[in-house]
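First the structure, in the form of structure tokens, and then the observations on it.
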Amino acid sequence: MVHTISTSIDINASAEIVSNILFDFDNYAKWNSFVVNVEIPKPSRNITKTADFVGSQIDVFVSQGDDNLPRNFKPTILVANDKHLRWVGLLTHRWILAGEHFFEIVTTSKNSCTFKHGENFSGGLPWVLGYTTFFEKLEPGFERMNQELKALAEGISAGTIDLALQQIENIPRQPSQSPDSMRSKTLDRKGSKSSSKSSMSTKSSSSKSDGKRSISRPRKKSGSKDKKSPSSSPSNSPVGSPKEK
């Protein structure tokens with residue numbers, strides 16, 4: 001049996017801008033509350049320019065929002081180019097459960113595109129899961145990531161990234177679920193200590209202060225080096241900036 005989650009969203013930004021954000025894994029913690037982290041266990045992280053990434057395994061951390069712990073799995077990359085990223089994860093064997101997650105960018109004009117995002121579940125287990133709320137709870141995460149990506153891409157395109165980050169803050173999500181809180185949990189699971197003073201730290205919607213999380217604006221390059229806290233993102237590059245070859 002195959003169960004498919006299929007979502008899409010129209011974005012008023014070029015396919016290049018959307019692609020740069022999608023493949024900028026180091027900055028996912030700044031905006032992405034669903035796929036909160038992707039780790040590439042190879043020296044080069046530019047998977048769209050390195051052919052041998054197809055067939056290799058990566059670490060992916062996904063938050064479904066029902067608690068503060070991201071689910072970690074190790075899928076295998078099937079497709080990796082500037083318009084299409086696809087990986088497949090297995091639960092023991094393909095005949096039990098296989099999840100083929102895909103991201104596609106379709107150009108509609110010079111400054112607009114459609115982002116397609118979904119997953120095909122196959123094997124025997126999806127038939128059982130179809131009688132539960134599993135897929136019902138999972139799909140909103142796909143939709144939320146789409147909205148976050150749209151807000152950020154359109155903000156970069158219009159030169160209003162601060163406003164875009166504020167819009168991302170207002171996208172509904174589960175209590176205590178934010179991109180940075182998920183990132184901190186990811187680092188904690190790997191043995192790193194989180195810091196409340198991190199420049200990437202955020203506040204939950206239940207905070208007693210202003211009720212909004214705070215995401216730092218990507219900084220421009222300067223001559224001085226900033227000190228990094230243990231829970232900061234591994235990259236200081238602006239969100240959505242192209243990777244070096």
### Message
Exactly one of these conditions fails for Thr92: (1) in a loop (DSSP other than H, G, I, E, B); (2) touching a strand residue (DSSP E or B) at 6+ places or on another chain (Cβ under 7 Å); (3) among the hydroxyl-bearing types (Ser, Thr, Tyr). Give me its number.
### Response
(2)
### Task
Would you confirm whether any residue within the stretch 122-135 is within 20 Å of the chain's Cα centre (by Cα), crowded, with 21+ Cβ neighbours inside 10 Å and not small (Gly, Ala, Ser)?
no
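Of a type in the set (Ser, Thr, Tyr) and in contact (Cβ under 8 Å) with a residue 24 or more places away in the chain: does that describe Thr114?
Numbers: of a type in the set (Ser, Thr, Tyr): yes; in contact (Cβ under 8 Å) with a residue 24 or more places away in the chain: yes.
Against the criterion (of a type in the set (Ser, Thr, Tyr) and in contact (Cβ under 8 Å) with a residue 24 or more places away in the chain), Thr114 qualifies.
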### Summary
In the stretch 38-69, anything surrounded by 21 or more Cβ atoms within 10 Å (Cβ to Cβ) and modelled with pLDDT under 65 is listed as Ile47
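Could you check the stretch 25-37 and list, in sequence order, the residues that are more than 20 Å from Thr114 (Cβ to Cβ) and surrounded by 21 or more Cβ atoms within 10 Å (Cβ to Cβ)? Don't jump to the end; show me each part of the working.
From the stretch 25-37, those more than 20 Å from Thr114 (Cβ to Cβ) are 25-30, 33, 36-37; that's our starting set.
The answer is Phe25, Asn27, Tyr28, Ala29, Lys30, Ser33, Val36, Asn37.
The values are calculated or read from the model by the stated rules, or taken from the named source; none is laboratory data. Bear in mind the structure is a predicted one, so any value in this text is a computation, not a measurement. Ideal geometry is used to build each Cβ from the backbone, glycine not excepted, and the neighbour counts take in all protein chains shown.
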